[in-house]
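Report on the following structure.
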Amino acid sequence: MSTAIHINGARHEIDAQDQRLLLDILRNELGLKGSHFGCGAGNCGACMVLVDEVPVYACNTPLWSVAGKQVLTVEGLARHPAGARVQRAFIKHGAAQCGYCTSGMVVAAAGLLARCPAPDGRQIREHMDRNLCRCGSHLRVIRAISDAAADSGDGGGS
Ligand code: FES
Ligand code: FES
């Protein structure tokens, strides 16, 4: 059985059983390895993607639930209005150590800024609470997101 999904603006017909999970499709069928497998149980955020601008864990999202929706992964972040700003700010603040959590972090941050362009510290912390970092880079992540929110004038650039 075939399901139509939209990933980073491109339509894909996936021949998959309903119970296959989005992260499996992204990584193993479409070769989009930027969304990472961490806990595999909806607890860490390493696999986070945006579905119609809402951050979701791809590791526990069944394929059928994203049929006809717009999925954005880290590979498509440049297409997102806040994506380039978030990426620049993470680099500027060195908001990663090993980087394993970073793709989920930047996707989640872009989703926040799309919904709430000028979040305060509490809103950033609450939103990013679903993204864990074993290296302890949270303070830099929060600074980077604040900076990206303040840098909202150029619409993202290239
Ligand atoms: Fe999906 Fe941890 S791998 S939440
Ligand atoms: Fe290593 Fe976050 S930078 S897990």
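The values are calculated or read from the model by the stated rules, or taken from the named source; none is laboratory data. On a predicted model such as this, the values are computed, not experimentally measured, just so you know. Here Cβ is always computed from backbone atoms with ideal geometry, including for glycine, and neighbour counts include all displayed protein chains.
Couple of notes before you dig in:
- Residue that is nearest to ligand 2 (Cβ to nearest atom) [pool: residues in segment 75-99 that are surrounded by 17 or more Cβ atoms within 10 Å (Cβ to Cβ) and closer than 20 Å to C135 by Cβ]: A96
- Selected residue [away from ligand 2 (no atom under 12 Å from the Cβ), free of Cβ contacts under 8 Å to residues at least 40 places away in the same chain and not in a loop (DSSP other than H, G, I, E, B)] from A114, A109: A109
- Checking each residue in segment 10-33 for being in a loop (DSSP other than H, G, I, E, B), at pLDDT 95 or above, surrounded by fewer than 19 Cβ atoms within 10 Å (Cβ to Cβ) and touching a helix residue (DSSP H, G or I) at 6+ places or on another chain (Cβ under 9 Å) picks out only K33.
- Figure legend. Inter-residue proximity from segment 39-50: first residues within 12 Å of S103 (Cα to Cα) and assigned to a strand (DSSP E or B), second residues near ligand 1 (Cβ under 6 Å from one of its atoms) and at pLDDT 95 or above, beta-carbon distance below 9 Å, spacing 6+ or different chains. Indicated pairs: M48/Y57; V49/Y57.
- Matching residues, segment 70-81, being in a loop (DSSP other than H, G, I, E, B) and either aromatic (F, W, Y) or at pLDDT below 95 (or both): H80, P81
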